[in-house]
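Asker: Below is the structure I would like to discuss, written out as structure tokens.
Where a number appears in this text, it was derived from the coordinates with a stated rule and is not lab data. As the structure is a prediction and not an experimental result, all values here were calculated from the model. Every residue, glycine among them, receives a Cβ derived from its backbone with ideal geometry; neighbour counts consider all protein chains shown.
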């Protein structure tokens with residue numbers, strides 16, 4: 001029985017959901033993949049791309065799924081979970097791909113007692129949509145799982161295997177740890193990129209600046225091109241940790257400003273330390 005391939009339902013077949021479908025297809029890990037969403041044209045693109053076998057705009061079409069993956073904006077995931085719950089069979093396990101975890105885990109582990117564990121694949125880009133999906137997106141990617149004392153052992157084991165079969169490297173964190181760490185290394189960088197673009201946009205000489213923009217600015221602000229609906233949800237569902245990280249960053253910028261203004265030797269030390277650490281990673 002353990003060799004029987006599961007039926008999968010993916011709710012939200014964009015970049016991440018589409019890449020999941022393509023990855024499972026490439027590795028022949030699923031008996032059937034159903035893509036569920038609101039936009040039939042987008043679902044058809046996912047089917048044409050080979051990411052899903054069946055497309056549907058009805059949550060009831062997840063009734064035969066062994067694994068359900070909720071892959072959409074973080075503020076939509078709890079809504080989708082509530083809508084799909086009545087149709088799932090008792091043995092079905094549920095996970096998600098959201099970039100924040102504490103809010104999602106708290107809501108979904110109560111909806112699916114023992115059958116839910118939060119997931120966050122650290123993969124993707126500022127681009128969105130199934131047309132940018134890749135079957136190798138999760139190869140060697142870090143996958144964070146956020147089990148709690150309410151997570152069933154079998155659910156955690158199956159979910160871990162699901163991600164490792166896709167080539168991911170799984171680590172376990174508490175939901176609150178996840179949100180703190182990702183605020184520092186993912187959410188804050190995005191916020192800073194947004195702030196830098198906004199800073200330039202508000203300059204009265206921005207038209208002249210635009211003609212001078214080169215690699216440094218483009219590299220630093222690439223992630224600011226991320227989908228606004230997705231990132232507003234991330235910022236708001238991880239507000240406490242992002243504001244903590246932002247206040248810490250403001251203090252660091254103030255220290256740099258002081259070094260520039262009053263302590264050239266300290267400035268050079270900071271730049272050397274940062275350069276060395278950045279090169280190592």
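Asker: Using 0.36 nm times the number of residues separating residue 169 and residue 263, minus their current alpha carbon distance, what extension gain do you get?
Answerer: 29.5 nm
Asker: Starting from the Kirkwood Rh over alpha-carbon pairs, what translational D in µm² s⁻¹ does the stretch 7-173 have by Stokes-Einstein at 4 °C and 1.567 mPa s?
Answerer: Answer from the Stokes-Einstein relation: 85 µm²/s.
Asker: Something else: Test of understanding: ordering 212, 24, 249, 203 by Cβ neighbours within 10 Å, fewest first, what list do you get?
Answerer: Ranked by crowding around the Cβ, least crowded first: 212, 203, 249, 24.
Asker: Moving on to the next point. Work out, in µm²/s and without decimals, the Stokes-Einstein translational diffusion coefficient of the stretch 198-248 at 4 °C, 1.567 mPa s, Rh from Kirkwood over C-alpha pairs.
Answerer: Answer from the Stokes-Einstein relation: 98 µm²/s.
Asker: Here's a follow-up. With the alpha-carbon atoms as the only input, what is the per residue convex hull volume for the stretch 178-280 in Å³?
Answerer: Taking only Cα atoms, the stretch 178-280 has a hull volume of 139 Å³ per residue.
Asker: Could you calculate the FRET efficiency of residue 107 with residue 232 from 1/(1 + (r/R0)^6), where r is the beta carbon distance between them and R0 is 25 Å, rounded to 0.05?
Answerer: FRET efficiency, residue 107 to residue 232: 0.85.
Asker: Full-extension gain between residue 225 and residue 131, please, as 0.36 nm times their residue separation minus the C-alpha to C-alpha distance.
Answerer: This chain segment gains 32.2 nm when fully extended.
Asker: Candidates (1) 52, 43, 34; (2) 54, 47, 35; (3) 69, 42, 31; which is the computed Cα extents along the principal axes in Å?
Answerer: (3)
Asker: How far apart, in nm, are the 7 Å Cα→Cβ label points at residue 57 and residue 32?
Answerer: About 2.1 nm separates the two model spin labels.
Asker: Further question on the same structure: Quick check: pseudo-label points 7 Å beyond the Cα along Cα→Cβ at residue 161 and residue 41, how many nm apart are they?
Answerer: So the label points at residue 161 and residue 41 sit 4.1 nm apart.
Asker: For the stretch 31-74, state the semi-axes of the equivalent ellipsoid (square roots of 5 times the eigenvalues of the alpha-carbon gyration tensor), sorted largest first and rounded to whole angstrom.
Answerer: 15, 13, 10
Asker: Something else: Roughly speaking, what is the stretch gain from residue 153 to residue 279, that is 0.36 nm per residue apart minus the C-alpha to C-alpha distance, in nm to one decimal?
Answerer: Taking residue 153 through residue 279 to full extension adds about 41.4 nm, to one decimal.
Asker: Got a sec? How would 223, 213, 69, 4 order by Cβ neighbour count within 10 Å, fewest to most?
Answerer: 4, 213, 223, 69
Asker: I've got another one for you. Kindly state, to the nearest 0.05, the FRET efficiency for residue 91 paired with residue 185, given R0 = 30 Å and r defined as their beta-carbon distance.
Answerer: 0.25
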